[in-house]
Amino acid sequence: MEYKLENLVIPKSIAIILDGNGRWAQKRNLPRAMGHKAGCEALEKTVEDCVRLGVECLTVYAFSTENWKRSSVEVGALMKLLRFYMVKLIDVANKNNVKAVMIGDESRFEPDIRKGIKKLVDATSKNTGMTFAFAINYGGRDEIRRAINNIVDDTVSGAISKDDINEELISSYLDTKNLPDPDLLIRTSGELRVSNFLLWQIAYSEFYITDTLWPDFDKEELLKAVESYSQRQRRFGGR
Ligand code: FPP
């Protein structure tokens, strides 16, 4: 399909729920880990495609607070991939002037993974192009719980007063404090749910659901999502 880029409205901020790695592997009689590996490769390409489109912020749901409930074999495979791809992402990010940030609660990860996260964030912190937010051990409810804890602490200590608590202040206590709310939320593999992703931030996001499994998601699919977004009329509750 041909798209005229000049007719597209490029979302400033895109969030993606990466789903369908397991089904992709199953269809090929491969272990689930191979689906996750293929998913990592699709992710690398999508980062570059978003940069080329002029997206300012891409946030992806790579590992949720609920994903720990998967089998130890699958969690182990995901952690192994995470170790490998955090290093690889430094190159991808630096080649594309991308600044990587991490959202989620990193305290549950092994020390070497936490070091890897810090290395990725530090090595790309001076880049001035697109921000790539990697959500790992992330859950929207957990993020809000942590924010409330910190707001209560700061209220008790007197750093803020109860009257200061407005929507802007709450946003500033979330992991996404320096990131724009998603204009477009994409979910792959056809599931019609939000799965605890960016619950506060997607209040006015436009949704795009595709049946394509995440490892098969490519530039063409991204353009289809942006094309659909371009036709939406956003009113943010007004007329
Ligand atoms: C959902 O597919 C995907 C995940 C749980 C992880 C996806 C993340 C990546 C590929 C990016 C890299 C992330 C890490 C942590 C290295 P699924 O397994 O739920 O698919 P299914 O619904 O078809 O079973």
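Where a number appears in this text, it was derived from the coordinates with a stated rule and is not lab data. These numbers come from a predicted model, not from an experiment. Positions of Cβ are generated from backbone atoms using ideal geometry, with glycine treated the same way; all protein chains shown enter the neighbour counts.
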Q: Would you please put 43-56, 191-204 in order of how densely packed they are, using the mean number of other Cβ atoms within 10 angstrom per residue and starting with the highest?
A: 43-56, 191-204
Q: Report the percentage of all Cα-Cα pairs in region 54-200 whose separation exceeds 25 Å, rounded to a whole percent.
A: 35
Q: Quick one: check the C-alpha center-to-center distance for region 208-239 versus region 23-99, whole angstrom.
A: 20
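If contacts are Cα pairs under 8 angstrom and at least 6 residues apart, what is the relative contact order of region 46-134 in percent?
Relative contact order here is 45 percent.
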(Q) From Cα pairs below 8 angstrom and at least 6 apart in sequence, can you work out the relative contact order of region 1-149, rounded to a whole percent? (A) 28
Q) Rounded if a/c is under 1.5, else prolate if a/b is larger than b/c, else oblate: which is region 4-72, with a ≥ b ≥ c the root eigenvalues of its Cα gyration tensor? A) prolate
Q) So what's the net charge close to Arg193: Lys and Arg +1, Asp and Glu -1, counting the other residues with Cβ under 13 Å from its Cβ? A) -2
Q) So what is the relative contact order for region 121-239, in percent, with contacts set as C-alpha pairs under 8 Å and at least six apart? A) 23
Q.
On a 32 Å Cα-Cα criterion, which of the cross-link pairs Lys69/Lys126; Lys99/Lys162; Lys45/Lys177; Lys27/Lys126 come out too long?
A. Lys69/Lys126; Lys99/Lys162; Lys27/Lys126
Q. Based on the Cβ-Cβ distance of Asn149 and Glu6, what FRET efficiency does E = 1/(1 + (r/R0)^6) give at R0 = 45 Å, to the nearest 0.05?
A. 0.45
Q: Treating cross-link reach as a plain straight distance, find the aspartates and glutamates whose alpha-carbon is under 14 Å from the alpha-carbon of Lys118, omitting any fewer than eight places away in the same chain.
A: Asp105, Glu106, Glu110
**Q.** Protection proxy ranking, peptides 208-216, 174-182, average beta carbon neighbours within 10 Å, highest first
**A.** 208-216, 174-182
Q. Based on the mean of other beta carbon atoms within 10 Å per residue, what is the order of 155-163, 34-42, most packed first?
A. 34-42, 155-163
Q.
Rounded, prolate or oblate for region 99-138? Axes are the square roots of the Cα gyration tensor eigenvalues, ordered a ≥ b ≥ c, and the cut-off for rounded is a/c under 1.5.
A. oblate
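To the nearest 20 Debye, how big is the dipole of the chain about its Cα centre, given +1 on the beta carbon of each Lys and Arg and -1 on that of each Asp and Glu?
Values: 35 positive and 35 negative charges, 113 e Å.
In debye, rounded to 20, the chain gives about 540.
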(Q) Using DSSP to call loops (not H, G, I, E or B), can you name the trypsin sites (Lys or Arg not before Pro) in region 111-149 whose Cβ has at most 10 other Cβ atoms within 10 angstrom? (A) Lys126
Q. How would you rank Phe63, Phe134, going from fewest to most other Cβ atoms within 10 Å of each one's own Cβ?
A. Phe63, Phe134
